[in-house]
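For reference, the structure discussed in these notes is given below.
The values are calculated or read from the model by the stated rules, or taken from the named source; none is laboratory data. Keep in mind it's a predicted model, so treat the numbers as computed, not measured. Please note: Cβ atoms are built from the backbone with ideal geometry, for glycine as well, and neighbour counts cover all protein chains shown.
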Amino acid sequence: MDENGVIFSWDAVLALIPLFVVIMAIFNVNYSALEDQNQDIRLSHMAEDSINAMASSRQNNGLSLLETISNTLLEHNNDGTGIKEAKKIATPFLDKTLQGVNYRLTEENQINKTITASADFKGAENVEVSSRSYGGYIFKLWVWE
């Protein structure tokens, strides 16, 4: 009689082994693919929100940041001085808004140059871009980590 109890107990332990294997498989799932998607979405939202804020927030002069940058470039005939002045306008806002991530603001239609950047763009991965136009200028904000 005692031997039957040992056999039934051993049988129960063996039956639980597949259950433990399934539980371990579930807990060892690789979630890095999901984290990468969330990272892309987060960066995309940051780029979109920042360029929208530049287009809509009004400064002391009543103009949006993009309006001010466009007017500055236009006043200086899109030359190097205008780009430097536009950089002075955009950099403080972007540094404050995009803390912890790298960015690059470019104008793509008339001058096709970088206005300001927080880091070197070469070798950047997981880059998200958002764009807005104003006054014949097309601004692109590139965001990456």
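Points worth noting:
- Considering residues of region 8-65 that are of a type in the set (Val, Ile, Thr) and closer than 30 Å to ILE138 by Cα only, the residue modelled with the lowest pLDDT: ILE41
- PHE93 falls short on exactly one of the conditions (1) buried (at least 17 other Cβ atoms within 10 Å of the Cβ); (2) among the aromatic types (Phe, Trp, Tyr); (3) outside any helix (DSSP H, G or I), and that condition is (3).
- Residue check, PHE121 modelled with pLDDT of 95 or more and either out of contact with any strand residue (DSSP E or B) (no Cβ under 8 Å at 6 or more places or on another chain) or aromatic (Phe, Trp, Tyr) (or both): no
- Condition broken by ASP120, with the remaining ones in (1) surrounded by 12 or more Cβ atoms within 10 Å (Cβ to Cβ); (2) not in a helix (DSSP H, G or I) satisfied: (1)
- So PHE139, is it surrounded by 15 or more Cβ atoms within 10 Å (Cβ to Cβ), in the same structural domain as LEU63 (by TED's automatic domain parsing), touching a residue at least 60 places away in the same chain (Cβ under 8 Å) and outside any loop (DSSP other than H, G, I, E, B): yes
- ILE83 vs. criteria over 14 Å from LYS113 (Cα atoms) and free of Cβ contacts under 8 Å to residues at least 40 places away in the same chain: no
- Restricting region 71-100 to residues that are closer than 20 Å to SER57 by Cα and among the basic types (Lys, Arg) leaves a set whose member that is nearest to the chain's Cα centre (by Cα) is LYS96.
- Within region 40-63, the set of residues being among the small types (Gly, Ala, Ser) and touching a residue at least 60 places away in the same chain (Cβ under 8 Å) comprises SER44, ALA47, SER50, ALA55.
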